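Data first, discussion second: the structure below is written as structure tokens.
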Amino acid sequence: MLKAEKKKITQFYLNKIKELTKYNKYYFDENLSIIDDKKYDELKKEILSLEKKYLFLNNKNSPSKSIGFRPSKNFVKAKHRVRMLSLSNSFDKKDLENFEKKIFNFLHLDKKEIEYSVEPKIDGISASITYKKGQMESGVSRGDGFQGELISDNLKTIKDIPKKIEAKDFPKDIDIRGEIFIENKDFQKIKDKFANPRNAASGSLRQKDPKETAKIPLKFIAYTFGYCENLKFEKQTDFLKALATWGFKTSQFNKTISGVDQLINHHREFEKKRFELSYDIDGLVYKINEFNLQKRLGNVANSPRWATAHKFSAESSFSEIISIDVQVGRTGALTPVAKIKPVNIGGVVVSNATLHNEDEINRKDIRVGDFVKIERAGDVIPHVISVDLNKRHKSSEKFVFPDKCPSCGTSVVKEFNNQTKKYDAVRRCPTEGYECEKIAIEKIKHFISKDALNIDGLGKKVVENFWSLKFLRFPQDIFKLDYEKIEKLDGWGKLSVSNLKYAINNSKKINLDKFIFSLGIRHIGQENAKLISQNIKNINNFSNISSSYNFDFFLNIDGIGETQIKSLKKFFSNKTNLKVIKELTKYMSISKNSLNYSGKLKNKTFMFTGKLKDISRAEAKSLIEQNSGGIVSSVSKKLNYLVIGEKPTNRKVDLAKQLGVKILTQKEWSDLLN
Ligand code: IVH
């Protein structure tokens with residue numbers, strides 16, 4: 001073959017490899033499919049057949065050489081028997097003291113020290129593996145915590161995961177949970193294809209073909225359980241010990257520690273040696289050691305009250321501010337963001353850093369063109385720490401914060417906070433509804449997000465794209481998409497469109513609390529949405545709130561205050577919002593709740609007055625909720641029971657008597673609960 005011809009073929013081949021690598025990068029690093037699955041497979045095949053035909057072709061990024069190729073998005077979904085939670089973050093002593101204080105208050109403890117199981121927080125991908133009668137049965141990724149992807153065959157390729165456990169004391173039916181990760185030395189071999197070890201672990205775990213997964217030596221460290229029949233352990237540390245005897249790998253750095261000061265000391269020491277470990281860790285996890293305390297503490301929204309992740313301190317670097325953009329968020333908040341010259345901070349290329357708000361810019365006098373110190377810690381958004389004034393250009397000018405919304409031009413406002421008696425640091429676009437373009441886009445992104453409708457294949461980037469193509473203006477437009485048009489778009493094909501259609505159809509069935517949360521009403525997060533849905537009962541009542549409900553109704557819900565009510569009033573006073581709800585209910589089937597509605601206190605409301613003995617209010621409330629009861633904060637005919645502790649408010653007791661509300665002592669109440 002002529003040299004020129006050989007060169008031409010090689011070039012052709014390398015271009016194909018380059019194209020494929022680009023798709024892989026998008027897929028793994030940004031979770032974007034910019035080519036449809038069929039075309040992707042064709043490209044892969046073409047490369048392989050070129051190699052077969054011309055034996056001189058060879059490249060380390062070829063699909064014949066390496067794994068890291070795009071998996072199918074089509075894993076079967078599987079429900080977790082027990083939800084997989086995430087962890088709250090702590091960064092310093094103050095955070096830890098607050099974390100502990102809340103625990104002491106909740107448990108009504110005066111104790112000064114409490115014991116923790118301290119474990120390294122491995123930066124990988126968590127998985128839940130079900131064993132029945134000692135046999136590994138299935139394995140599921142975390143997903144949204146309620147359901148994940150069934151990746152059993154891929155997990156079975158991991159040597160650290162026992163497939164059969166003979167130990168007599170191994171529970172008959174248990175989900176073992178832990179972290180899948182890749183060691184740094186193994187990551188080095190494939191680092192061209194992934195941004196970091198975590199992405200590499202995630203990518204290889206989600207290969208369509210388990211043989212591809214097997215090519216990377218993934219590791220597994222176990223640290224907890226989900227469902228468990230007859231759990232015989234009293235402490236997390238006992239469970240960790242048992243895990244090791246059953247044949248699971250556990251971290252050699254697990255420890256028990258009591259008291260915040262000791263936690264801080266250990267963290268300081270450990271942070272120094274974190275880089276000696278053969279894999280990435282991004283902090284330490286502290287878990288209350290005793291299971292019965294964990295159980296009493298329960299969880300808030302997505303994370304347990306009994307555990308926190310103490311992150312390692314941030315890594316930093318220096319860069320120059322190219323421009324300052326002001327972004328408009330879902331609730332209208334204007335957030336200044338510094339676009340900086342890209343800089344590598346701890347293995348991640350950073351080109352944006354938040355400046356928080358106007359006050360922060362003024363305080364630090366941050367200007368375009370300034371040289372600044374940027375910090376990033378774990379998954380937290382990088383931020384500007386300080387300005388190097390010595391390097392400031394003479395001609396630089398103070399940054400003037402816009403007084404009009406950069407998206408819709410409405411004059412922005414600073415709200416007065418009645419509690420702090422101060423004006424808010426944040427400027428907001430006051431537009432309600434969907435009139436402001438940026439707010440509308442952010443609302444739709446929220447609507448489809450993981451904790452809301454959770455639509456696979458419809459990420460933030462796709463929403464932006466569909467918005468610019470005028471496919472979307474309101475949340476309900478998601479149910480009216482023209483799939484034929486989408487199929488013709490660049491990066492879409494039959495398969496990805498049918499997946500999208502499937503995911504959208506699946507999302508139509510939703511619980512009321514999630515539905516309320518998905519509307520993105522300011523101050524109505526997951527917890528408040530749950531409270532409202534418990535009290536308002538069904539979607540009809542919710543849709544008709546503005547006409548048939550007095551907003552004071554909400555005041556009666558313990559946990560909902562003035563701030564939330566003001567926000568709800570503003571939301572319901574907007575005609576577009578009402579129309580959105582009406583339209584959505586046409587397409588969606590909104591059922592009562594994800595909560596347990598069959599507990600023994602079903603349909604019963606409670607109120608407390610006076611101090612309770614040996615139990616905090618928070619725990620008492622949580623017990624009622626666990627048994628499907630409701631808590632209200634004022635005495636009315638709707639109240640079923642008034643529980644009186646020490647020194648009750650006489651006015652409340654008298655009113656309850658007048659209205660014929662049943663009065664319980666604390667003892668009677670706890671008997672009711674058994
Ligand atoms: S416990 C409710 N223990 O951190 C407790 N998680 O943000 C949640 N992780 O999804 C899990 N090391 O992927 C726990 N020793 C450890 C962990 C750990 C890493 C990860 C896990 C989880 C995430 C929580």
- Message: Principal axis extents for the stretch 152-293, Cα atoms only, whole Å, descending order, please.
- Response: 44, 40, 20
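Say the cut-off is 24 Å between C-alpha atoms; which of Lys600/Lys621; Lys339/Lys438; Lys373/Lys422 go over it?
On the way: Lys600/Lys621 15 Å; Lys339/Lys438 19 Å; Lys373/Lys422 30 Å.
From the list (Lys600/Lys621; Lys339/Lys438; Lys373/Lys422), the Cα-Cα distance tops 24 Å for Lys373/Lys422.
So what is the orientation-averaged projected area of the stretch 318-420, using the convex hull of its C-alpha atoms, in nm²?
Working: hull surface 32.1 nm².
Hull-based average projected area comes out at 8.0 nm².
For the stretch 105-139, which GluC sites (Glu not before Pro) are both in a DSSP coil and crowded by at most 13 other Cβ atoms within 10 Å? Could you put the intermediate results ahead of the total?
On the way: sites: Glu113, Glu115, Glu137; in loops: Glu113.
Answer by residue number: Glu113.
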- Message: Rounding to the nearest 10 and keeping the result within 0 to 90°, find how far the Cα-based axis of helix 93-107 lies from the longest principal axis of the chain.
- Response: 40
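What shape does the stretch 231-270 take by its C-alpha gyration tensor, where a ≥ b ≥ c are the square roots of the eigenvalues and a/c under 1.5 counts as rounded, a/b above b/c as prolate, and the rest as oblate? If you can, show how the numbers build up before the last one.
Values: a/c = 5.83, a/b = 1.80, b/c = 3.25.
It is oblate, given that a/c is not under 1.5 and a/b is not larger than b/c.
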- Item | the stretch 617-674: Rg to Rh, with Rh as the Kirkwood radius over Cα pairs | 0.94
- Message: Students often get this wrong: which residues of the stretch 278-293 have the backbone nitrogen under 20 Å from the point 7 angstrom along Cα-to-C-beta of Arg268?
- Response: 283-286
- Across the stretch 478-558, how many lysine pairs, 8 or more apart or on two chains, come within less than 15 Å at their alpha-carbon atoms? 8
- Give the span of the chain's Cα atoms along each principal axis, as three whole-Å numbers ordered largest to smallest. 103, 69, 58
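Sort 310-317, 224-231 by the packing proxy (mean of other Cβ within 10 Å over each peptide's residues), most packed first. Walk me through the numbers on the way to the answer.
Numbers: 310-317: 18.0, 224-231: 15.0.
Going from most to least packed, we get 310-317, 224-231.
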- Message: If you scale each eigenvalue of the Cα gyration tensor by 5 and take the root, what three semi-axes come out for the stretch 113-183, rounded to whole angstrom and sorted largest first?
- Response: 21, 18, 13
- Query: Classify the stretch 109-236: rounded, prolate or oblate, from the alpha-carbon gyration tensor (a ≥ b ≥ c, eigenvalue square roots; a/c under 1.5 rounded; otherwise prolate if a/b is larger than b/c)?
  - Reply: oblate
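Let me have the 222 nm mean residue ellipticity of the chain computed from DSSP H runs of 4+ only, each contributing -39500 (n - 2.57), with the sum over all residues rounded to the nearest 500.
Working: 25 runs with 247 residues, N = 674.
The helix-only estimate for the chain comes to -10500 deg cm²/dmol at 222 nm.
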- Item | At q = 0.12 Å⁻¹, base-10 log of I(q)/I(0) for the stretch 547-674 (Debye sum, equal scatterers on each alpha carbon) | -0.58
- Message: Could you work out the pair-distance distribution P(r) of the stretch 211-256 from its alpha-carbon pairs, with 10 angstrom bin width and percents rounded to whole numbers?
- Response: 22, 46, 22, 10, 0
- Rg/Rh for the stretch 183-265, where both radii come from Cα atoms and Rh is the Kirkwood radius: 1.09
- Message: To make sure I understand, if each residue's beta carbon is the centre and we count other beta carbons within 10 Å, what order do Arg83, Arg177 fall in, fewest to most?
- Response: Arg83, Arg177
- Query: If pairing requires two Cys Cβ atoms under 4.7 Å apart, which cysteines of the chain are left without a partner?
  - Reply: Cys228
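Each reported figure results from applying straightforward, stated rules to the coordinates on display, with no laboratory input. Note that this is a predicted model, so its numbers are computed, not measured. All Cβ positions, even for glycine, are placed from backbone atoms using ideal geometry, and neighbour counts span all protein chains on display.
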